[in-house]
């Protein structure tokens with residue numbers, strides 16, 4: 001990796017600490033049926049272990065920005081891990097549901113700080129040339145935690161108890177804290193002048209918490225005074241919270257970003273999806289364990305493939321987004337998500353494990369086609385200075401929607417179960433009916449999201465130009481991109497493609513249709529990959545060349561295959577679609593596309609037409625030139641001191657002197 005021993009240990013501590021907290025968020029789903037049985041609570045009450053955790057996480061997101069400015073990263077990491085450890089110990093002890101829930105909420109307070117904090121610590125600890133390695137490993141672990149969480153929890157519960165599971169998390173957290181005390185560097189900058197708007201914190205806590213409490217209580221026990229009061233207090237507090245944010249110069253949560261229509265649409269779709277997602281993570285284990293009698297291990301294994309697929313699909317979805325835009329991916333994703341969610345509404349006592357596993361896996365696969373593209377589409381609509389605020393608002397609203405959606409869906413399940421039981425239905429069948437009703441309601445949420453995607457998510461050309469009205473971004477990009485782009489017509493043969501690659505000494509070329517729009521690209525690798533499927537010997541280009549030159553009998557078969565390939569339509573082996581950047585894109589967006597897709601260069605498009613190519617080296621050279629030019633001007637202005645002439649003034653003076661005098665003057 002090229003990291004020092006100290007850096008490796010630091011990275012291990014930070015990543016392992018985050019892994020423990022991420023793992024903790026996903027181990028609760030298989031626990032809920034056991035908690036319901038041991039503590040005699042219904043699903044609407046037990047779901048607070050998930051929704052309460054998510055809600056506190058949401059409240060902590062905007063507070064974390066203040067904490068990271070106010071305290072050193074080392075101290076904040078130790079405190080957040082310490083708080084998380086105390087919460088884990090409380091949850092492990094959990095003599096009753098109230099103590100267990102308090103433990104979960106305390107856990108959430110620590111975990112909510114940790115994720116954004118660790119990102120900051122990594123950036124602070126590692127030099128620029130090592131950050132890519134550190135962040136890459138960090139991302140792998142973050143995706144790995146949710147994948148193994150339910151299965152690990154199921155195995156522990158079947159062989160011990162859910163108490164032991166939380167004690168294991170406590171022990172792991174203690175190890176992280178102890179090691180971090182000795183490993184993490186002291187020091188770091190803090191801002192003592194930064195302030196936290198306490199009224200905003202109180203209003204957001206009362207608003208989101210009161211609304212969640214009211215809706216959940218109504219679902220469990222029907223309409224009551226405390227439920228009504230909680231709901232009303234929540235709504236009023238939220239109204240006051242939003243009014244206060246709009247009036248503040250520096251709000252805790254910059255809700256003004258919601259005035260951007262595309263960002264608002266993406267946030268609403270994300271909230272609908274998040275609510276439907278988290279509820280399934282609670283309802284499926286209840287269905288499998290409490291109603292069908294499967295073990296917690298089996299329940300965790302059913303959830304495992306979907307979690308793995310979702311983690312793997314993250315970077316893949318990013319590349320698909322850059323190639324096809326948001327509309328195609330989100331349409332496919334929301335359509336499949338809606339269909340599979342409605343399919344869960346027809347669960348019965350005879351439904352097989354394979355069917356449930358396949359449905360759950362396909363559901364999470366479709367979700368990966370929605371989450372990243374829709375979020376990126378909305379974030380891209382914001383100006384650069386608003387992106388950080390947009391991220392905070394988007395994450396907060398998603399977390400809150402996950403809590404509220406889970407509360408509403410589980411409450412609907414409880415109400416339907418009680419009504420069915422009152423009508424004389426068998427207890428198990430009534431509970432299955434309740435879960436079916438909840439998934440039917442979740443399907444309606446997904447259907448609303450699908451309708452929004454169809455009506456409002458468009459790949460409109462020219463949107464980047466609207467954000468670049470003075471053409472300043474275009475001017476920068478056109479000044480550093482390469483304009484000599486060699487293209488192939490989409491109907492070309494493979495032989496014509498190979499001739500272009502050889503004649504122009506290039507490794508790949510875009511394909512364009514009759515209108516001049518980019519529709520794909522072909523590379524020498526595409527040719528070799530095609531041949532490698534049909535030959536025993538083939539990934540080495542030198543071997544390929546030798547095969548074409550050598551006329552031995554053993555190679556005649558290969559030569560014949562190569563001849564056939566040369567006559568084929570290039571589209572049969574080319575990659576469909578082109579990853580490109582709009583000519584009005586800013587450099588950070590260009591860097592994102594290059595980095596996310598692991599590319600050295602990318603096409604520059606103007607309304608679908610290729611107008612140039614920009615390389616990583618072009619951006620690096622431009623950035624260095626700009627930096628040196630700015631520093632050079634500062635140095636020239638300051639070099640002469642308060643009274644003496646600057647280098648620039650001396651150079652101007654030297655230009656008016658004879659050659660020998662000019663040399664002496666400039667020294």
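Key figures
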quantity: Residues of the range 36-48 that turn out to be within 13 Å of residue 101 (Cβ to Cβ) and outside any helix (DSSP H, G or I), as a count; calculated: 2
quantity: Residue within the range 56-76 that is within 20 Å of residue 157 (Cα to Cα), at pLDDT 75 or above, under 22 Å from the mean Cα position of the chain (by Cα) and crowded, with 21+ Cβ neighbours inside 10 Å present; calculated: no
quantity: Number of the exception - residue 280 against (1) touching a helix residue (DSSP H, G or I) at 6+ places or on another chain (Cβ under 6 Å); (2) crowded, with 22+ Cβ neighbours inside 10 Å; calculated: (1)
quantity: The lone exception for residue 515 - which of (1) surrounded by 12 or more Cβ atoms within 10 Å (Cβ to Cβ); (2) within 36 Å of the chain's Cα centre (by Cα) it fails; calculated: (1)
quantity: Subset of the range 310-350 (residues that are outside any helix (DSSP H, G or I) and buried (at least 16 other Cβ atoms within 10 Å of the Cβ)); calculated: 325, 347
quantity: Condition met for residue 108 (in the same structural domain as residue 25 (by TED's automatic domain parsing), at pLDDT below 65 and either surrounded by 21 or more Cβ atoms within 10 Å (Cβ to Cβ) or in contact with a helix residue (DSSP H, G or I) (Cβ under 6 Å, 6 or more places away or on another chain) (or both)); calculated: no
quantity: Condition met for residue 33 (part of a loop (DSSP other than H, G, I, E, B), at pLDDT 80 or above and closer than 26 Å to residue 213 by Cα); calculated: no
quantity: Residue tally, condition within 30 Å of residue 45 (Cα to Cα) and at pLDDT below 80, over the range 369-394; calculated: 1
quantity: Criterion (assigned to a helix (DSSP H, G or I), farther than 30 Å from residue 313 by Cβ and modelled with pLDDT under 55) met by exactly one of 651, 635; calculated: 651
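Matching residues to (1) in contact with a helix residue (DSSP H, G or I) (Cβ under 8 Å, 6 or more places away or on another chain); (2) under 23 Å from residue 294 (Cα atoms):
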residue	(1), (2)
327	yes, no
353	yes, yes
408	yes, no
424	no, no
428	yes, yes
433	yes, yes
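Here is a yes/no grid of residues against (1) touching a helix residue (DSSP H, G or I) at 6+ places or on another chain (Cβ under 8 Å); (2) modelled with pLDDT of 65 or more; (3) not assigned by TED's automatic domain parsing to the domain that holds residue 607:
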site: 502; (1), (2), (3): no, yes, no
site: 535; (1), (2), (3): yes, no, no
site: 544; (1), (2), (3): yes, no, no
site: 549; (1), (2), (3): no, no, no
site: 581; (1), (2), (3): yes, yes, no
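Condition check ((1) modelled with pLDDT of 85 or more; (2) under 27 Å from the mean Cα position of the chain (by Cα); (3) over 25 Å from residue 308 (Cβ atoms)) across all residues:
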| residue | (1), (2), (3) |
| --- | --- |
| 144 | no, yes, no |
| 162 | yes, no, no |
| 179 | yes, no, yes |
| 187 | no, no, yes |
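The values are calculated or read from the model by the stated rules, or taken from the named source; none is laboratory data. In this text the structure is predicted, and so the values were computed from the model without any measurement. Note: ideal-geometry Cβ built from the backbone for every residue, glycine included; neighbour counts use all protein chains shown.
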